[in-house]
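In what follows, a structure is listed as structure tokens, so that the remarks can point back to it.
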Amino acid sequence: MSKPVNRAREALTDAPAHRLVDAVAGVLAETYGITAAELLQVDYRLAVLLPLGEGAGITSPGHPAWRCFDHQEPVLDGPTGYFPVSMRGERRGVLRLAPVPDEPAVREELARIATALGHELAAVSAGTDVYRTARRSRRLTLAAEMQWELLPGRSRTRAAFRLAGQLEPAYAVRGDSFDWSDDGQRLWVAIINGMGEGVAASMLTALATSALRNARRARLALADQAALADQAIYDLYRGDQYLSALLLELDLESGVMSAVDAGSPQLMRVRDGEVVEQQLEAQFPLGMFEATDYREQRFPLHRGERLFVLSDGVIDAVGKHAHYGETALERFLRRTGPMEPLDAVRSLLGDLRAFVAGDLIDDAVVVCVDWTGRRS
């Protein structure tokens, strides 16, 4: 690791949580003569790059900042450089610097510093609202605030898998959500198709998510995780409220997928340009009845295969003359093959918003998982 990169890391570690960009800017000015440093964060909707300070956001897809964000590589625009601010596949935004020396070694060091900034942003986010507040193009509803706080992240990259998910309507989502975790050998993903409206829906989803995490961290089998969450919801609501969920556990070595379908969202498989729905044994939603006995199913994935999990808010979205429907969905999913999971998710929801000509009325969650078959 070069001395400038180490100095930047030390400056980030020592800086107050709200002064991370200032700390990086000081090192860059002293080392490279860079006089302008600005953090542009992607908003909750993945539609605009917003400056940390005052100024207009960037929405144009052809802008160098968006090219940097989309391709996750540095982009030079004259003396100005754009560098991806990411952390293990979680894309947080772009670091805009000027003037950038036209030297490949310097650009590589600047890219490493931008990555270090991404890691430090993740480390401090629980203790300051500065960065969360700055990446909002509008106010979140209380229910949406609760839902976004539940998420482990929006995208993640490992040697064995790539993963991304998104909630819509981003600033007013109520009950739909997702969760994931991996330990290097297995990947767990839970997708929740919530029930109800407003804060009540978010509270129900929060209970389900916390119960599933509690069971997973106790190393319970997938079916037992569903049973624990089912019992927790039933004990509180006595069957008056419940929710649908799909629980997945992927063995990252063999590619064998285990699944529990609790009235689940739809699971689609994409391989070699073909889209098929994975049929699962339908079981009762979580919390509908007391002491439901859940069962796991298993099926193998192929190397390079892609999975999409979609809540009913996607297929049932209503446009001017019709529902979005499975035909339009399958046609779009086939086109996502070359895209990274986050780009595929964002493109699908963008197509959905264009179809309904505005924000979605019903909640929608889309999760995309690629299994590469490579060892960690």
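Since every read-out is calculated from the coordinates, none of them should be taken as a lab result. Note that the structure is predicted; figures quoted are calculated from it, not measured. Glycine gets a Cβ as well: all are built from the backbone with ideal geometry, and neighbour counts include every protein chain shown.
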Cα principal axis extents for the chain, largest first, Å: 65, 48, 41
Cβ-based exposure ranking for 87, 203, in which fewest neighbours within 10 Å come first: 203, 87
202, 2, 155, 60 arranged by Cβ crowding within 10 Å, fewest neighbours leading: 60, 2, 155, 202
Given only helices, namely DSSP H runs of n ≥ 4 each adding -39500 (n - 2.57), what is the per-residue ellipticity at 222 nm of the chain, to the nearest 500 deg cm²/dmol? -11000 deg cm²/dmol
Using +1 at the Cβ of each Lys and Arg and -1 at the Cβ of each Asp and Glu in the range 138-181, identify which of 172, 157, 142 lies farthest towards the dipole's positive end. 157
How high is the relative contact order of the chain, given as a whole-number percent (alpha carbon pairs under 8 Å, six or more residues apart)? 15
Enumerate the whole-percent occupancy of each 10 Å bin, from 0 to the last occupied one, for all C-alpha pair distances of the range 3-134. 13, 49, 33, 4
Magnitude of the Cβ-charge dipole (Lys and Arg +1, Asp and Glu -1) of the range 3-134 about the Cα centre, nearest 20 debye, reported as 280
When N counts the residues of the range 161-211, how does its alpha-carbon radius of gyration compare numerically with 2.2 N^0.38 Å, as a ratio? 1.26
Angle check, please: helix 198-217 long axis (alpha carbons) against the longest principal axis of the chain (alpha carbons), in degrees 0 to 90, nearest 10. 90
Here the gain from full extension of residue 108 to residue 30, 0.36 nm per residue of separation minus their alpha-carbon distance, amounts to 26.3 nm
Expected sort for 148, 371 with the fewest Cβ neighbours (10 Å cutoff) up front is 148, 371
What's the angle, to the nearest 10 degrees (0 to 90), between helix 3-14's Cα axis and the longest principal axis of the chain? 60
Taking 0.36 nm per residue of separation between residue 200 and residue 357 and subtracting their Cα-Cα distance, the length gained on full extension comes to 53.8 nm
Cβ crowding within 10 Å averaged over residues, with 170-183, 218-231 ranked highest first: 170-183, 218-231
Which value, in debye to the nearest 20, gives the size of the charge dipole of the range 243-326 about its Cα centre, when Lys and Arg are +1 and Asp and Glu are -1 at the Cβ? 280
Can you compute the modelled spin-label distance between residue 374 and residue 149, with each label point 7 Å from Cα toward Cβ, in nm? 3.7
Where does helix 20-32 land angle-wise versus the long Cα axis of the chain, in degrees 0 to 90, nearest 10? 40
Under 13 Å from the 7 Å Cα→Cβ point of residue 302, by amide nitrogen: which residues of the range 269-290? 269-276
